[in-house]
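Peer 1: Next up is a structure, given as structure tokens.
The values are calculated or read from the model by the stated rules, or taken from the named source; none is laboratory data. Owing to the predicted nature of the structure, the values given are computational and were not obtained by experimental measurement. No Cβ is skipped: glycine too gets one built from the backbone with ideal geometry, and neighbour counts run over all protein chains shown. We work out accessible area using only protein heavy atoms, side chains counted, and drop any ligands, DNA or RNA first. Shrake-Rupley method; radii C 1.70, N 1.55, O 1.52, S 1.80 Å.
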Amino acid sequence: MAASQSSGTTKRRNKNVSNGVNGSEKEQLGQWGRAWEVDWFSLISVILLLCFAPFIVFYFVMACDQYDCSVTEPVADLYTGKSSLPDIWNRAPSFTWTAAKIYSIWVTFQIVLYMCLPDLCHKFLPGYVGGVQEGARTPAGTVNNYEVNGLQCWIVTHAVWFANAYYFKWFSPTIIFDNWIPLLWCANILGYSVSTFAFIKAYLFPTNAKDCKFTGNFFYNYMMGVEFNPRIGSWFDFKLFFNGRPGIIAWTLINLSYAAKQQELYGRVTNSMILVNVLQGIYVLDFFWNEAWYLKTIDICHDHFGWYLGWGDCVWLPFLYTLQGLYLVYNPVQLSTSNVVGVLLLGLVGYYIFRMTNHQKDLFRRTDGNCKIWGRKPAYIECSYTSVDGTKHQSKLMISGFWGVARHFNYTGDLMGSLSYCLACGFGHLLPYFYIIYMTILLVHRCIRDEHRCSSKYGTGWKRYTDAVPCRILPAIF
């Protein structure tokens with residue numbers, strides 16, 4: 001049952017598709033992004049996430065700070081009366097102006113790198129695609145240009161980090177760990193601020209009114225976003241900036257800070273910490289090397305920009321995706337040689353599957369199918385979709401290579417890599433395994449969401465594709 005109908009604003013801005021047209025028909029006419037209407041289950045889930053997600057993040061970080069990363073001891077203390085919620089809250093570090101200064105400098109630095117330094121890496125790095133690149137066509141039929149310079153931003157940022165650590169000594173390499181919980185409050189302020197700004201902007205001065213979606217439900221609009229590609233000016237794109245910069249660039253810096261803290265506390269860096277830094281570093285570098293490819297993924301092609309991306313990129317990603325390194329600061333683990341080799345192989349094989357699966361899709365798109373996948377010309381399903389301006393577009397869905405094994409085999413590789421990060425931490429606590437649990441839920445949910453949108457977008461063409469490739473992630477299982 002829908003929570004509400006589309007608002008009058010939606011009807012005015014999308015009158016060419018909304019008069020006498022239900023939600024399903026709207027999807028087929030070009031609005032294939034997020035949902036038009038909200039059922040009660042989705043609404044309750046949205047409200048619960050808005051209310052409790054920040055405290056979930058706080059709980060995990062606090063558990064490390066106060067309970068050596070045990071996720072059960074805080075609950076046990078509360079149950080037995082040994083501690084109360086105010087006790088736990090008061091023992092946690094609070095907001096500090098030092099952290100606010102650090103975070104403000106960090107975000108400002110990333111904005112400057114993003115906006116003021118056009119990409120040069122594509123001029124001298126063979127195979128790297130950077131500079132000005134086109135994104136995917138939006139539901140309204142718009143094709144945006146992006147300045148792809150994430151790899152350059154990552155290189156400059158880390159050059160500054162290492163120059164400071166070994167030469168300038170402006171700040172301690174442990175600065176991130178030492179201010180971790182105060183930085184959490186700063187990240188929350190930015191996450192909610194940018195989400196609220198994007199929400200208001202969608203109503204008052206949207207970048208493209210035809211790419212807006214209003215469900216009529218305040219909470220769902222706020223969380224899942226109204227605007228498809230909110231921008232300030234021609235180049236500051238909210239999606240591209242907040243997902244990659246400052247969130248993912250921070251990922252490797254956070255891990256380096258954890259390694260520095262291990263060195264400070266114990267006089268050495270464990271092989272498990274090195275494994276986490278290497279495996280997650282490969283993942284981060286892969287993201288920026290293939291940032292132009294990212295423009296064609298679900299985050300850019302389907303998701304609208306709201307709290308889900310704005311707050312999630314500022315808080316959820318940097319504070320929960322780095323739990324393995326945080327855990328290893330409090331619980332250093334030295335793995336046997338065989339375990340190191342096993343975890344490393346699992347991570348590298350997972351990365352290979354993840355990258356090659358995505359590479360095959362990218363190669364297929366760039367050549368319009370005129371290429372070879374696994375030594376032969378790829379097979380595909382021809383289909384079409386219609387943008388909101390009524391224009392019909394042709395598309396091809398590949399059913400060869402890894403894409404013939406499962407419809408989302410890249411997620412299989414991603415999950416293998418995620419499990420390797422967790423296994424590097426041993427089996428002492430549950431906390432480091434939150435990542436694989438979360439990623440499994442996220443990718444299965446994303447798989448279902450993506451397939452619903454593809455079904456709405458391609459119609460019978462998608463049915464022919466799923467008949468040709470029946471499995472989603474795990475061959476013969478799911």
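Peer 1: Measure nothing but the geometry: give the 0 to 90° angle between the long axis through the Cα atoms of 40-67 and the longest principal axis through the Cα atoms of the chain, rounded to 10°.
Peer 2: So the helix axis and the longest Cα principal axis differ by about 20 degrees.
Peer 1: So how far, in whole Å, is the C-alpha centre of the stretch 162-206 from the one of the stretch 59-95?
Peer 2: After rounding, the separation between the Cα centres reads 24 Å.
Peer 1: If you don't mind, there's one more thing I want to ask. If you average over every viewing direction, what projected area does the convex hull of the Cα atoms of the stretch 170-317 give, in nm²?
Peer 2: Directional mean of the projected Cα hull area for the stretch 170-317 stands at 10.6 nm².
Peer 1: If only Cα atoms are counted, what is the Rg of the chain, and what is its Dmax, in Å?
Peer 2: When restricted to Cα atoms, the chain yields Rg and Dmax of 22.9, 70 Å.
Peer 1: Let me ask something else about it. Checking a compactness column here: for the stretch 306-380, what do you get for Rg(Cα) / (2.2 N^0.38 Å), N being the number of residues?
Peer 2: 1.70
Peer 1: Can you give the Rg to Rh ratio of the stretch 101-215, both from alpha-carbon atoms, with Rh computed by the Kirkwood formula?
Peer 2: 1.05
Peer 1: Which value at 222 nm does the chain reach when only helices count, each DSSP H run of 4 or more adding -39,500 (n - 2.57), with the total divided by all residues and rounded to the nearest 500 deg cm²/dmol?
Peer 2: -18000 deg cm²/dmol
Peer 1: Related question: Rounded to the nearest 5, what % of DSSP beta bridges with both residues in the chain are antiparallel?
Peer 2: The antiparallel fraction comes to roughly 100 percent.
Peer 1: Angle, helix 337-366 long axis vs. longest principal axis of the chain, Cα atoms, 0 to 90°, nearest 10?
Peer 2: Here the helix axis deviates by roughly 20 degrees.
Peer 1: Skipping prolines and chain starts, which residues have an amide H placed within reach, meaning under 5 Å, of the one on V148, given they are 5 or more residues away or on another chain?
Peer 2: Close amide H contacts, sequence-distant or interchain: G131, V132, Q133.
Peer 1: Over the chain, with the other protein chains present, what is the accessible area per residue in square angstrom, probe 1.4 angstrom?
Peer 2: Spelled out: the 1.4 Å probe surface of the chain, per residue, equals 44 Å².
Peer 1: Continuing with the same structure: For the chain, with only Lys/Arg (+1) and Asp/Glu (-1) charged at the beta-carbon, what is the dipole magnitude about the Cα centre, in debye rounded to 20?
Peer 2: 1240 debye
Peer 1: In terms of the Cα gyration tensor, with a ≥ b ≥ c the square roots of its eigenvalues, is the stretch 246-364 rounded because a/c is under 1.5, prolate because a/b exceeds b/c, or oblate?
Peer 2: Oblate, since a/c reaches 1.5 and b/c is not below a/b.
Peer 1: Of the options W161, Y352, I176, report the single residue whose Cα projects farthest towards the positive end of the charge dipole of the chain (beta-carbon charges: Lys, Arg +1; Asp, Glu -1).
Peer 2: Y352
Peer 1: Diagonalise the Cα gyration tensor of the stretch 112-162 and give the resulting equivalent ellipsoid semi-axes, square root of 5 times each eigenvalue, largest first, whole Å.
Peer 2: 25, 13, 8
Peer 1: Ignoring ligands, DNA and RNA, what percent of the accessible area of the chain is carbon or sulfur (1.4 Å)?
Peer 2: 64 percent
Peer 1: Separate question: Helix 434-458 sits at what angle to the longest principal axis of the chain, using alpha carbons and giving 0 to 90 degrees rounded to 10?
Peer 2: 10 degrees
Peer 1: Cα gyration tensor of the stretch 339-478, axes a ≥ b ≥ c as square roots of the eigenvalues: rounded (a/c below 1.5), prolate (a/b > b/c) or oblate?
Peer 2: Note, shape of the stretch 339-478 comes out prolate.
Peer 1: Just to confirm my numbers, what's the Cα centroid distance between the stretch 348-426 and the stretch 306-330 in Å?
Peer 2: Taking the Cα centre of the stretch 306-330 as reference, the centre of the stretch 348-426 is 27 Å away.
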